[in-house]
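See below for the structure under consideration.
The values are calculated or read from the model by the stated rules, or taken from the named source; none is laboratory data. Remember, predicted model here, so these are calculated numbers, not experimental data. A quick note on method: Cβ atoms are made from the backbone with ideal geometry, for glycine too, and the neighbour counts reach across all protein chains shown.
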Amino acid sequence: MRQSHLKLLLLSLVVLGIPIASNAQFGPIHQLRYNDDFSYLNQDTIVKKGTEKFKYIPLSKSGQATISFGGEIREWFELRHNSNFGDLPPGHVQDPNGVLQHRLMLHMDVHISKRLRVFTQLNNTLEFGNPNPQIPEIIEDGLGLHQAFVDLNIGQVGNENKNRIRLGRQEYDFGNGLVVSAREGPNNRLPFDGITYLQQGANYDLQVLAATPVIIHPHVFDNTHTQEAIWGAYSSFKKNKKNHLDLYYLGLYSERRAYNYQSGNQTRHTFGGRLWQHGQSLFYEAEMMYQTGKFNALNINAFNFTGEIRHVFTTLPWKPMVGLGASYVSGDYDNNDTQLNTYDPLYPKPVYGLAIPQGPSNIAHLRPTFGLQPIEKLFINFRWYWLSRTSTKDGTYTPGMTQVRPMPGATSDSYPIGTQYGLDIFFIANNNLSFLTFMSYVEAGKYIQATGAGKNVFFLATTIQYKF
């Protein structure tokens, strides 16, 4: 395997999100910080306490012009044994001690009037204790302008923010994060430079966008762009109902992605639908994506079907939860025909946990889940993953679409990737403070054993995060 591919592989090991905690919003603080809702503080009768004093500071006598400050600090420790099943880049060593990753983000939200808003966010991320060369893009940012956009509200008087145009650097996180995600897991979240039209109807939300992803570099204000662009629309219907429906189209142009180690230019079109419910007792999602377009001279014909259902027994002690998730994602079925069947997930969250660099391309998986809630703020979840290729004519890829197996020159007719056992523990102390721990053990399958060292993987991560 080329050294550049192996570096990108290690990078992709941490292009990961938090699989359960990220689905929940606690109080007024959101995953996308520009969606924070502290509007209840903008009243004369409210006495602000603690960090609330940084919110809705008046800039005018009318109260329409306000400024708010917020931020977060996250300290993340992780330990990996046999990263990438024991296959490391040349010159890299196994780290027995683990690494500490630090993230500090600060933002300012200025509402100049009912029509105009400016949001900015700074990012500082560092890593300590890594004996190997620095991994690019997602680990360190000495200081960066993570978000900086202007909202122009163009709605009717009284509902100015129902129609908005957003211009500048911004985060996106659509649906369940399977196609475009803010990428909470790594030190550096993923921003885009672009323009977005947002419309809020009585029973639907619509976003129309054109943007290019930002590549983060380790020094001060030195971020650049990839040779990629996305465009399209994402709409959520029945937002006031129990059952919700999302429909979307997203286009991708890229010059940096490769399939079966063949690089080229592509224009890919993703059409998707998602039916979902996130109730207190019943949680389910069913999502289908179909892709068409061109990669060099090949016609793209790919798909992804993903589903999950969970039930919480809210009347029983410790509120036990049982669930089942599954997916079937296409890979290339014939290297000599005129089609490319490899599904490209664009900019997703991780689907298969934190331990291995496995993105949702050319894969089928089955995932039973069991959880407990011993006290109100403590969640314990166990997950078992069975992972397999869907085609032996295609390899496996990271979430960022860097191919990692089979290495050039190696072949395998085996399907099984491995079996993963995971334990996640979340303690949400309050709206501001949370403690998270993830543990995984992955037994290498026949495909992994035939295409590399084939060692079993152990992963441990624990983090403390404070937001205000």
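Here are the numbers for the structure shown:
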{"read-out": "Which numbered condition G264 misses (of (1) within 28 Å of R103 (Cβ to Cβ); (2) more than 20 Å from the chain's Cα centre (by Cα))", "value": "(1)"}
{"read-out": "Test: Q64 is touching a Ser or Thr at 6+ places or on another chain (Cβ under 8 Å), surrounded by fewer than 16 Cβ atoms within 10 Å (Cβ to Cβ) and modelled with pLDDT under 95", "value": "yes"}
{"read-out": "Which listed residue, of N82, N132, is buried (at least 18 other Cβ atoms within 10 Å of the Cβ), polar (S, T, N, Q) and under 30 Å from A450 (Cα atoms)", "value": "N82"}
{"read-out": "Test set (1) in a loop (DSSP other than H, G, I, E, B); (2) free of Cβ contacts under 8 Å to residues at least 40 places away in the same chain - F174 fails condition number", "value": "(2)"}
{"read-out": "Candidate set: the stretch 135-152, residues that are among the acidic types (D, E) and either in contact with a helix residue (DSSP H, G or I) (Cβ under 6 Å, 6 or more places away or on another chain) or farther than 19 Å from N97 by Cβ (or both); chosen: the one surrounded by the fewest Cβ atoms within 10 Å (Cβ to Cβ)", "value": "E137"}
{"read-out": "Failed condition for L252, given (1) hydrophobic (A, V, I, L, M, F, W, C); (2) over 30 Å from E78 (Cα atoms); (3) at pLDDT 95 or above; (4) in a loop (DSSP other than H, G, I, E, B)", "value": "(4)"}
{"read-out": "Complete set of residues in the stretch 109-147 that are more than 12 Å from H219 (Cα to Cα), of a type in the set (V, I, T) and not in a strand (DSSP E or B)", "value": "I112, I135, I138"}
{"read-out": "Residue in the stretch 193-205 that is among the aromatic types (F, W, Y), modelled with pLDDT of 95 or more and buried (at least 20 other Cβ atoms within 10 Å of the Cβ) present", "value": "no"}
{"read-out": "Every residue from the stretch 114-145 that is under 20 Å from T66 (Cα atoms) and modelled with pLDDT of 95 or more", "value": "R115, L116, R117, V118, F119, T120, Q121, L122"}
{"read-out": "Of residues in the stretch 206-225 being surrounded by 15 or more Cβ atoms within 10 Å (Cβ to Cβ) and part of a loop (DSSP other than H, G, I, E, B), the one nearest to the chain's Cα centre (by Cα)", "value": "I216"}
{"read-out": "Strands (runs of 3 or more DSSP E) wholly inside the stretch 359-468 containing at least 1 residues that are at pLDDT 95 or above, on the phi < 0 side of the Ramachandran plot and touching a Gly at 6+ places or on another chain (Cβ under 8 Å)", "value": "363-372, 378-388, 416-428, 433-444, 457-467"}
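For (1) touching a residue at least 12 places away in the same chain (Cβ under 8 Å); (2) of a type in the set (G, A, S); (3) under 30 Å from A461 (Cα atoms), each residue gets a yes or a no:
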residue	(1), (2), (3)
D44	no, no, no
K55	yes, no, no
S60	no, yes, no
Q64	yes, no, no
L79	yes, no, yes
G91	yes, yes, yes
H111	yes, no, no
